[in-house]
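All remarks here apply to the structure that follows.
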Amino acid sequence: MVERTKYRTVVISDVHLGAPHSKLEEVTDFLNSIDCERLILAGDIIDGWQLSISDDQWDERKSMFCRAVFRISQRNKAKVIYVAGNHDDFLDAIIPCELFGISIVSKYILESGDKRYVVIHGHAFDSITAQFRWISKLGDVAYNLLIKFNNWWNRHRQAVGKETYSFSKVIKQKVKQAVNYISGFETDLSDYAKSVGCDGIICGHIHRAEDKMLKGGIRYLNSGDWVESKTALLEDFEGNWSIYRYQK
């Protein structure tokens, strides 16, 4: 029998299933290694933007990821919550609903110890994504091209004995930081958490795992992504949160 690490809550986001550089094997391996009472899929799990323009067929990698999610749902009757994001906005038409034991929502209130957290994807507080969707789609194409170049560049670096380097990750973070500054992303998140009576906010979207305090004593937790960072958020049975980084 496989021994799995047990958690109260696991949060993943930004898997981007359907995108060419989604780390499906890694996220599937991670999900198969854990048990939890509550699995939160915090948006952009399925990349509807990429699936709509891709010629790729559904393959075993995608099926294995879906089976890993369903196994968690079936084991110990774990609760699975799918919080829709911007790349999976095709779900907006059916929210809220339950499919195959998975609750699909736009936001979720989570009780953790004596604290309350609101879980959203976060795109609604990114002014570029919210107001200029065409720029976001153009940026998505550019990001995938940059990752493709980055993979070629790193193969060359490894061939000459050098460490890998992620241009795409650095550039995306710089762009996201600029967007945050322009839109007041974190300030808006803090204000929103307070407006719904919560002590903290959990989201994805930025593709950067984070755990810090915002103004007004609001705790900000970001689950990162499974395109480059390969990170998740974990809550133990005492209500302690940590960032998980896949190392294999």
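The values are calculated or read from the model by the stated rules, or taken from the named source; none is laboratory data. Everything quoted here is computed from the prediction, not taken from an experiment. Cβ atoms come from the backbone with ideal geometry, glycine included; neighbour counts cover every protein chain shown. Just so you know, the surface numbers come from the protein's heavy atoms only, side chains and all, with ligands and any DNA or RNA stripped out. Shrake-Rupley method; radii C 1.70, N 1.55, O 1.52, S 1.80 Å.
A few remarks follow.
- Scanning the range 89-123 for residues being within 23 Å of Asp191 (Cβ to Cβ) and open to solvent by less than 20 Å² (accessible area, probe 1.4 Å) gives a total of 8.
- Of all the residues in the range 191-237, those that are touching a Lys or Arg at 6+ places or on another chain (Cβ under 6 Å) and hydroxyl-bearing (Ser, Thr, Tyr) number 2.
- Identity of the residue in the range 1-35, part of a helix (DSSP H, G or I) and closer than 23 Å to Arg208 by Cβ, that ends up nearest to the chain's Cα centre (by Cα): Val27
- Taking (1) touching a Leu at 6+ places or on another chain (Cβ under 9 Å); (2) open to solvent by less than 70 Å² (accessible area, probe 1.4 Å); (3) not aromatic (Phe, Trp, Tyr) in turn, Asn86 satisfies each apart from (1).
- Any hit, the range 18-29, residues being among the aliphatic types (A, V, I, L, M), modelled with pLDDT of 95 or more and buried (at least 18 other Cβ atoms within 10 Å of the Cβ): yes
- Test: residue in the range 38-53 that is out of contact with any Pro (no Cβ under 8 Å at 6 or more places or on another chain), of a type in the set (A, V, I, L, M, F, W, C) and free of Cβ contacts under 8 Å to residues at least 40 places away in the same chain: yes
- The range 202-248, subset polar (S, T, N, Q) and closer than 16 Å to Val118 by Cβ, residue surrounded by the fewest Cβ atoms within 10 Å (Cβ to Cβ): Asn222
- Single residue of Ser73, Ser103, Ser112 found to be in contact with a Pro (Cβ under 9 Å, 6 or more places away or on another chain) and either modelled with pLDDT of 95 or more or within 18 Å of Ile40 (Cβ to Cβ) (or both): Ser103
- Strands (runs of 3 or more DSSP E) contained entirely in the range 38-122, each with at least 1 residues that are among the polar types (S, T, N, Q) and closer than 29 Å to Arg219 by Cβ: 102-105, 108-112
- For the range 190-223, the tally of residues that are in contact with a helix residue (DSSP H, G or I) (Cβ under 6 Å, 6 or more places away or on another chain) and hydroxyl-bearing (Ser, Thr, Tyr) stands at 1.
- Residues located in the range 54-79, provided they are free of Cβ contacts under 8 Å to residues at least 12 places away in the same chain and hydroxyl-bearing (Ser, Thr, Tyr): Ser63
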